[in-house]
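Novice: First the structure, which I've put down as structure tokens, then a few questions once you've had a look.
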Amino acid sequence: MAHAKTSYVCLPCRASYKQAYDDARQRRCPRCAEPMIHAGSAFAPPRRRDTAAWRTLSVLLNAGVGFHKSCCGGPGYRPRTLREVHERMTHARRTGEPVADALVRRDVP
């Protein structure tokens, strides 16, 4: 049986690779040999030269926010700009809401 393809990301190289999912195996970047982060099957990488998008992505992935398909077909809301990330991080600090939960909030009160 073939395994579904999912994305693994190397943040230092700003690279994404589709590979068969295997949670028992640590994936390493073919460019730099550093460990890659499992981003999910609904992940679409930004352009390599889009520094702000990769910084935003770095915050999301390091907080444990992935891009996995849900029952409705997509991963749901994810911030796209550093401003949106900052607003949600500020909300998390002020309210005590877990960072990962605040980052996927569509609207910040």
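Novice: Could you grab me the full set of residues in segment 54-100 that are touching a helix residue (DSSP H, G or I) at 6+ places or on another chain (Cβ under 9 Å), in a helix (DSSP H, G or I) and under 17 Å from residue 9 (Cβ atoms)?
Specialist: 55, 56, 59, 60, 85, 100
Novice: Additional query: Are there any pairs with C-beta distances below 7 angstrom linking a residue in segment 34-55 that is charged (D, E, K, R) to a residue that is surrounded by fewer than 17 Cβ atoms within 10 Å (Cβ to Cβ), with the two at least 6 apart or on different chains, and if so which?
Specialist: Cβ pairs passing all conditions: 34/12; 34/28; 55/82.
Novice: Still on this structure, I have one more. In contact with a Lys or Arg (Cβ under 9 Å, 6 or more places away or on another chain), closer than 19 Å to residue 77 by Cβ, at pLDDT below 95 and open to solvent by less than 30 Å² (accessible area, probe 1.4 Å): is that true of residue 66 in this structure?
Specialist: Here the answer is no, as residue 66 does not meet what is asked.
Novice: Mind counting the residues in segment 13-44 that are farther than 15 Å from residue 68 by Cβ, part of a loop (DSSP other than H, G, I, E, B) and not charged (D, E, K, R)?
Specialist: Looking only at that region, the number is 8.
Novice: Go over the candidates 105, 93, 78 one by one and state the one that is exposed (fewer than 15 other Cβ atoms within 10 Å of the Cβ), among the basic types (Lys, Arg) and at negative phi.
Specialist: So the residue among 105, 93, 78 that is exposed (fewer than 15 other Cβ atoms within 10 Å of the Cβ), among the basic types (Lys, Arg) and at negative phi is 93.
The values are calculated or read from the model by the stated rules, or taken from the named source; none is laboratory data. Because the structure is a prediction, the values reported are computed rather than measured. Ideal geometry is used to build each Cβ from the backbone, glycine not excepted, and the neighbour counts take in all protein chains shown. Areas reflect the complete protein model, heavy atoms only, side chains present, ligands, DNA and RNA absent. Shrake-Rupley method; radii C 1.70, N 1.55, O 1.52, S 1.80 Å.
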